[in-house]
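Participant: The structure's right below; bear with me while I get my questions together.
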Amino acid sequence: MVKVEFLGPIGLEDIQIEAATLAELGVKLQEKEELKPWLANSAIAVNDTLVNDKNMTLKDGDKVSILPPVCGG
């Protein structure tokens, strides 16, 4: 199981989910209608390190953070 946290304005509680890769996790998260608008534009971090490789293998206990774009001033 990996822990998924949704940061910023996404406003969802953390979840625990089974996924072997980031791509598999993405497919499972796309099933949640409220996440679809966020997933296309959000950065992803695994264990607090930004990643781009959707084929990255996830290990039991990893923390995946969904980081939506923000603007500020």
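Participant: So, in segment 45-62, exactly how many residues are modelled with pLDDT of 95 or more and either hydrophobic (A, V, I, L, M, F, W, C) or closer than 18 Å to Leu7 by Cβ (or both)?
Facilitator: Our first condition is that a residue be modelled with pLDDT of 95 or more; within segment 45-62, this holds for 45-51, 56-62.
Next, from what is left, pick out any that are either hydrophobic (A, V, I, L, M, F, W, C) or closer than 18 Å to Leu7 by Cβ (or both): 45-51, 56, 58, 62.
So the answer is 10.
Participant: Are any residues in segment 47-73 crowded, with 17+ Cβ neighbours inside 10 Å and among the hydroxyl-bearing types (Ser, Thr, Tyr), and if so, which ones?
Facilitator: Result: Ser65, single match.
Participant: Considering only residues that are assigned to a loop (DSSP other than H, G, I, E, B) and in contact (Cβ under 8 Å) with a residue 60 or more places away in the chain, look in segment 47-73 and name the one that is nearest to the chain's Cα centre (by Cα). Can you show your working first?
Facilitator: Filtering segment 47-73 down to residues assigned to a loop (DSSP other than H, G, I, E, B) leaves 47-48, 52-56, 58-62, 68-73.
With the extra rule that they be in contact (Cβ under 8 Å) with a residue 60 or more places away in the chain, the set shrinks to 61-62, 68, 70.
On the way: Gly61: 14, Asp62: 11, Pro68: 10, Val70: 16 Å.
By that ranking, first place goes to Pro68.
Participant: Do any residues in segment 15-31 that are closer than 12 Å to Glu5 by Cβ have Cβ atoms under 8 Å from those of residues that are part of a helix (DSSP H, G or I) and among the charged types (D, E, K, R), where the two are at least six apart or on different chains, and which pairs are they?
Facilitator: Ile17/Lys28
Participant: If you go through segment 1-46, how many residues are exposed (fewer than 13 other Cβ atoms within 10 Å of the Cβ), polar (S, T, N, Q) and either part of a loop (DSSP other than H, G, I, E, B) or touching a Phe, Trp or Tyr at 6+ places or on another chain (Cβ under 6 Å) (or both)?
Facilitator: Of the residues in segment 1-46, 1 are exposed (fewer than 13 other Cβ atoms within 10 Å of the Cβ), polar (S, T, N, Q) and either part of a loop (DSSP other than H, G, I, E, B) or touching a Phe, Trp or Tyr at 6+ places or on another chain (Cβ under 6 Å) (or both).
The values are calculated or read from the model by the stated rules, or taken from the named source; none is laboratory data. These numbers come from a predicted model, not from an experiment. Note that we place each Cβ from the backbone using ideal geometry, even for glycine, and neighbour counts take in every protein chain shown.
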